[in-house]
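All remarks here apply to the structure that follows.
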Amino acid sequence: MKKEQTLVVIKPDGIQRTLIGEIIKRFERTGLKLVGIKMLIPDSDHIKKHYTIDPDWIEKVGQKSIDSLAEKGEELKTDDPIEAGNKILDVLVKYMSSGPVVAMVWQGVNSVGVVRKIVGSTEPLSSDIGTIRGDFVLDSYKIADTDGRAVRNLIHASGSVDEAEKEIALWFNQNEIVNYRLIQEQIIYDVNLDGILE
Ligand code: ADP
């Protein structure tokens, strides 16, 4: 459990808004350990593979968007989740392959859940203040939908341990994940705190 890993991708808007350092700082200060990092421009094929690792993702993302629009009383262009999901995938591919991204692997106890909590919910308009998306983004489903583009929310973070394993294998070769010890882990994971005093 202490070695749980999760994938984080700073999306092209995060790079353009020069938030790399700010974003890394927020994960780093929790005690999680950075074990892989690289900058790349992903191609369309890579992004399609990434978002279809979970075969149900298209339907789920479409349904989530329909529910959110319905809840706010906004007009629905379709009530078919698969159709809505495929449209989202198309705009996402364009967004995610538009420029450089930074891909990272963060490791530590409950890393998947902790990272999702720090990142905040998908739609920045309703992400909590204090989360990365809530603090740095104004975007909403409605404006993204009106403009026919993806919601710009700075970051991707894996949704479950199983998803994280598959996503890390897609983005990183095994030899790009670095195995090392951080001095602070002695305190974070120490049972008795008996290593402090001389
Ligand atoms: P998350 O990134 O929070 O895990 P999802 O997997 O549901 O969220 O969606 C993936 C990405 O697709 C989102 O981060 C966002 O950039 C984009 N997206 C999701 N829903 C919509 C939508 N209704 N309209 C435009 N873009 C969307």
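Where the accessible area of the range 97-173 is counted over protein heavy atoms with a 1.4 Å probe, how much of it, in %, is carbon and sulfur?
52 percent
Give me P(r) over the chain, computed from all C-alpha to C-alpha distances, binned every 5 Å, as integer percentages.
Calculated P(r), rounded to whole percents: 1, 7, 14, 19, 20, 16, 10, 6, 3, 2, 1, 1, 0, 0.
Modelling each spin label as a point 7 Å along the Cα-to-Cβ direction, I'd like the N173/E74 distance in nm, to one decimal.
4.2 nm
Given the peptides 73-80, 3-10, arrange them by the average over their residues of other C-beta atoms within 10 Å, most packed first.
Highest to lowest by the protection proxy: 3-10, 73-80.
Give the accessible surface of the chain per residue, rounded to a whole number of Å², with probe radius 1.4 Å and ligands, DNA and RNA excluded. Present the calculation step by step, with values, prior to reporting the outcome.
Values: 11210 Å² over 198 residues.
Accessible area per residue: 57 Å².
Roughly speaking, to the nearest percent, how much of the range 1-43's 1.4 Å accessible area is carbon and sulfur?
Heavy-atom surface of the range 1-43 belonging to carbon and sulfur, 1.4 Å probe: 54 percent.
Of K72/K166; K48/K117; K33/K72; K38/K142; K49/K117; K2/K142, which ones are farther than 30 Å apart at the Cα?
Violating the 30 Å Cα-Cα cut-off are K72/K166; K33/K72; K38/K142; K2/K142.
How high is the relative contact order of the range 122-198, in percent, counting Cα pairs under 8 Å that sit 6 or more residues apart? Intermediate values should be presented prior to the final figure.
Working: 44 pairs, mean separation 13.4, N = 77.
About 17 percent, as a whole number.
From the square roots a ≥ b ≥ c of the eigenvalues of the alpha-carbon gyration tensor of the range 1-48, which class results: rounded (a/c under 1.5), prolate (a/b over b/c), or oblate?
On the way: a/c = 2.91, a/b = 1.34, b/c = 2.18.
Oblate shape, in that a/c is at least 1.5 and b/c is the bigger or equal ratio.
Which of rounded, prolate, oblate describes the range 1-81, given a ≥ b ≥ c as roots of the alpha-carbon gyration tensor eigenvalues and a/c under 1.5 marking rounded, otherwise prolate only if a/b is larger than b/c?
Prolate, since a/c reaches 1.5 and a/b exceeds b/c.
Could you tell me what % of all Cα pairs in the range 93-167 have separations over 21 Å? Can you show the working numbers first?
Numbers: 923 of 2775 pairs.
Across the range 93-167, Cα pairs with separations above 21 Å total 33 percent.
Only helical DSSP H runs with n ≥ 4 go in: add -39500 (n - 2.57) per run for the chain, normalise by residue count and round the 222 nm mean residue ellipticity to 500 deg cm²/dmol.
-12500 deg cm²/dmol
Given an 8 Å cut-off on Cα distances and at least 6 residues of separation, report the relative contact order of the chain as a percent.
Normalised by residue count, the contact order of the chain is 34 percent.
Highest mean first, what order results for 45-58, 173-186, 88-101 on Cβ atoms within 10 Å?
On the way: 45-58: 15.0, 173-186: 9.8, 88-101: 17.5.
Going from most to least packed, we get 88-101, 45-58, 173-186.
Once both labels are modelled 7 Å past Cα along the beta-carbon direction, what's the N110-Q184 spacing in nm?
1.7 nm
The values are calculated or read from the model by the stated rules, or taken from the named source; none is laboratory data. All values derive from a computational prediction rather than experimental measurement. Here Cβ is always computed from backbone atoms with ideal geometry, including for glycine, and neighbour counts include all displayed protein chains. These accessible areas exclude ligands, DNA and RNA; they are computed on the full protein's heavy atoms, side chains included. Shrake-Rupley method; radii C 1.70, N 1.55, O 1.52, S 1.80 Å.
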